[in-house]
Amino acid sequence: LGLPIMQLEYVLVQSLVYDKSSGEGILLPGIHEHMLYWQDAENKGFVKCSRCNEKVGELAGGFLILGCKQCTPNRWGYGGFSLCTNCYRKNALKTGASGDASGGGILRGDKGPKNMAPLTVTQYIRRLSGQISSTTLVIVLSCVCCSRFLDAYIPKALGDIISALTHQSQEDFNQKIMEYLLLVLANAVTSAAMGVAIGTLSTRLYANMSIRLYESLMSQDIAFYDNAMTGQMTSRLTNDMRQALSPVAIIMNTFVANIVMLVAGFSICLHASWRLTILAFTVLTPVVHISAHFSAWAAKLMASQYTFLADAQGCATQALTNIRTVRMFGARRMEEEKFEGHTRKSMELGLKSAWGQGGTSFLSTLVQLGASFVIVFYGGNLALHHEFDVGTIITFSYLWNRLSSAFTSLNENINQPVKAVSAGQRVFELL
């Protein structure tokens, strides 16, 4: 029990530190459903306001922004929610002049605004599941579970083949090789069925919900059309609908599939040797921790690098557009220095990112190969004392790579449904 208690303690202490050091939050119901916190975005790379799409800076009222800590960007820096100072001031003025009605969204009837209670993640998943027929959901879940279980069991069958070879048993070897062939064929069929089922589910869900949403938009009271802009309504049909349904494939491909892989793989490993299983799983958390911190650091560097490249491009565009003025006042050298300065800053950040990626790759590879070394070393000693089959070491080695990938993927996409709740709020308030 020491291992899960240690992981739980790390998560709870980290959450407590973040909560105590985040400052006082601001809730703006008409703009975002989560608490927003003031942050300084200066020298933090490219940051864009999620409401007006303006780059955070002088034109957006300064570098202070309101950021959501639940809707965090992904490993490539995309996603999240940020509100610039200008948009916050505009919302504050509207709220002061007309009360909470201005922040209540675009839903309005002939008797006044209609306020919808904020969606939680559980309510969002429940309402999204309600749009899918139970038969379709059972078929998709069955395909995912069967495919991932077979994918986790194949290394076990491969280990049994190696064990049969070491025991010099021809009959056992023939039986295990036939079982392995059937498992490979079944895994290929279920993997194809899983891809088809998830693709069909996403397509049907998007089409059915789009039709229902359009029917709802066409049947609102006239006061709704007087209050809402055409761009807002079409955005509900396109951007919000796409973002609200984006977690469907992620939930199936990442959450359900990886959870089944972890449960099945952990059960197989635990059945073979509980001591070797606990020893191998202690390495998973450092790998995920290193990858997560490097992804956050690299995303900021990449955003800053693109910002300097965009500034260099802007300087070049302005200079070439007004080349006569530049040459008339002898400012050619000054424009060249400005362009060179932005380009070299981008190059410095790129080099720093390359060195950081090399260091992270070194640590991750060292930890992963160290786990493989521990598996082979400890399992080999058990096999030498006739407490372990040689084939089981092969099973552990194959399963370790798959379980490590599943655990990392699950950790990276754990916040995807939380990010989609905002768009789901805007879609489901009309359904």
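The values are calculated or read from the model by the stated rules, or taken from the named source; none is laboratory data. Everything numeric in this text was worked out from a predicted model, so none of it was measured. We place every Cβ from the backbone using ideal geometry, glycine too, and count neighbours over all the protein chains shown. With ligands, DNA and RNA removed, areas are computed over all heavy atoms of the protein, side chains included. Shrake-Rupley method; radii C 1.70, N 1.55, O 1.52, S 1.80 Å.
Pairs over the 19 Å Cα-Cα cut-off, from the set 156/176; 48/352; 48/69; 55/90: 48/352. Here's how it looks for residue 82: its modeled amide H is under 5 Å from those of 50, which are all 5 or more places away or on a different chain.
For residue 47, enumerate residues with amide H under 5 Å from its amide H, sequence gap 5+ or separate chain, H modeled in the peptide plane. So residue 47 has HN proximity to 56.
Potential lengthening of the chain between residue 323 and residue 387 amounts to 15.0 nm, from the contour at 0.36 nm per residue minus the alpha-carbon distance. With Cβ to Cβ distances under 12 Å as the rule, what net charge do the other residues near residue 268 carry (K, R +1; D, E -1)? My count for the surroundings of residue 268 gives 0.
The ellipsoid that matches the Cα gyration tensor of the stretch 114-233 has semi-axes, each √(5λ) in whole angstrom, of 53, 14, 10, with the longest given first. Backbone phi angles across the stretch 330-340, fed through the Karplus curve with coefficients 6.51, -1.76 and 1.60 (θ = phi - 60°), yield HN-Hα couplings of x, 9, 4, 5, 5, 5, 5, 5, 5, 5, 5 Hz in residue order; Gly and Pro are listed as x. Cβ-Cβ distance of residue 181 and residue 348, R₀ of 35 Å, FRET efficiency by 1/(1 + (r/R0)^6): the value works out to about 0.05. Surface listing: 32, 271 arranged by accessible area from highest to lowest gives 271, 32, probe 1.4 Å. Annotation: residue 344 carries an accessible surface of approximately 120 Å², with a 1.4 Å probe and no ligand, DNA or RNA atoms counted. The candidates 355, 38, 274, arranged from most to least accessible area with a 1.4 Å probe in the full protein assembly, appear as 355, 274, 38. Modelled spin labels at residue 131 and residue 54, positioned 7 Å past Cα toward Cβ, are 3.3 nm from each other.
For the stretch 130-201, the alpha-carbon radius of gyration amounts to 1.46 times the rule-of-thumb value 2.2 N^0.38 Å expected for a compact globular protein. Full extension of the chain between residue 225 and residue 366 yields a length gain of 44.7 nm, computed as 0.36 nm times the residue separation minus the alpha carbon distance.
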